[in-house]
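Take a look at the structure set out below.
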Amino acid sequence: MRLRCLTMMRLVCAVLGAHAGGQSGQAGRAGPGAAAGRPAGSHVASLAARRTGGASDTRPTPGLSGQGARRNVSQVSFPCAAVAPAIPAPRSARELHPAHVGGVMALGDSVSAAFTAVHALPLEFRGLSAAVGEGGADQPTLPWILRHFSPRLVGASRGWQIPELVHTLAYANPGNDRLNAALSGAETVDLPAEVQYLQRRATELFKPTPDAHWKVLTIFIGFNDLCPPRACTRDLAQRQGVATRIYQQLDQLFSQHLLPNFTKLYVNLVTLFMVSSVGPVDRPSWLCGAKQAAFHECRCVFDKQPNQTAAETAEFLNWTTVQANREIEAIAAKYDGVREDVAVNLVDGFRNQNVPDRSFVSDLDCFHPTAKAHAVMAVSIWNAMLRVSHPRPMSMPQPICPDAHTRFVTYRDRKLVLGRTSHQQDLRNDPSPRASWPATYV
């Protein structure tokens, strides 16, 4: 979400400095140069060990505790068998199978950068990002799942680093970022700059060229557009303007930046959960209130708005969120199938849903998603690529397993499904096999 550069950098230095001296190669030395080119942070349990070059270690980092501490879990295999596609080479984006995917990319904000996902540290844990992090056996991510079907997948971000903000340290660590172009603090207006980075980096990573590979691009952005007071004001015109701007920026993103510069593109366009629900989840904690007084990350959620009650502010913000999600869906409808090699999928499971409980938000700022939340989002996005998605409470779903004839769904499939059946009927009649997901992830 929107991070204030000076406040954030001071916090990074203070926290990292507090943990310096007692550990070799610890975060206190982390910086743009130190983080670049680190080995992949393939799962939560190995992040600390990888930064020191030691063996995998599930012990909590000294001095840290609570929900951010490392989980002592066993590594398990993804419960779906790898299958070869019935169509060796897809002729269009509507024939795309998981095994056809050559790379993953992401556009977004600090959510996709996985800011403070573990340890309540003010760092980006990009290796754990739901849509584009390398992940691991105890931390599923979309690339980790896809790699079971396409082992040569490229583009997944790795490791951890100091936050890369829109105007500070942007893309200082391309070795970690890879094709994760998300920047902490980004709004939809910042998407063109993110695409420019993707163009440069894709040329370096895809061999012989990016055009030779099918690419999955996940776009998860909009929370920073919803946090300023104009999104939760009593003034209806201002609130509508926020939603309209999201549509306009996404429209320009596709028409002026993605379509002219990328081929063989499957886009996951992710709808937004109710950001207002973070407030009630945090309210029992006086510490969360104190932290947000310092962070000011989402003024519509944590700051009192003039001449309106907290309930009114939440109601106004919810209205804007609903409108923003309608605009996001309109973009999916407009651009799906605009070319044979381009498809857009609406990942709709999070639409207007509430954050379930405190285990989904960081102990650092009581706002950003935890590693647990990233795991839930990763499997939800994967399932939404194999079956038309609908809004549902946020919890770990059972993964859908593809077969040889499986293809990724697109917005056109959504129209067909909703035109002939209800949500409940669709779930009952869905023939996609599901594997038993290990209790580790639940």
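The values are calculated or read from the model by the stated rules, or taken from the named source; none is laboratory data. As the structure is a prediction and not an experimental result, all values here were calculated from the model. Every residue, glycine as well, gets a Cβ built from its backbone with ideal geometry; the counts of neighbours run over all protein chains shown.
Table for the structure above
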| quantity | calculated |
| --- | --- |
| Qualifying residue in the stretch 272-285 (condition: among the polar types (S, T, N, Q) and modelled with pLDDT of 95 or more) | no |
| Pairs, first crowded, with 23+ Cβ neighbours inside 10 Å in the stretch 359-371, second in a helix (DSSP H, G or I) and acidic (Asp, Glu), C-beta under 9 Å, six or more apart | VAL361/ASP282; CYS366/ASP282; PHE367/ASP282 |
| Filter result for the condition that a residue is touching a residue at least 40 places away in the same chain (Cβ under 8 Å), assigned to a strand (DSSP E or B) and not acidic (Asp, Glu), over VAL104, VAL111, VAL118 | VAL104 |
| Among residues of the stretch 214-242, those that are crowded, with 22+ Cβ neighbours inside 10 Å and under 24 Å from ALA113 (Cβ atoms), counted | 15 |
| The stretch 337-383: number of residues that are in a helix (DSSP H, G or I) and touching a Leu at 6+ places or on another chain (Cβ under 8 Å) | 5 |
| Which numbered condition PHE350 misses (of (1) over 14 Å from the mean Cα position of the chain (by Cα); (2) closer than 30 Å to LEU265 by Cβ) | (1) |
| Within the stretch 311-335, considering residues that are buried (at least 16 other Cβ atoms within 10 Å of the Cβ) and either hydroxyl-bearing (Ser, Thr, Tyr) or more than 18 Å from ILE246 (Cβ to Cβ) (or both), the one farthest from the chain's Cα centre (by Cα) | THR313 |
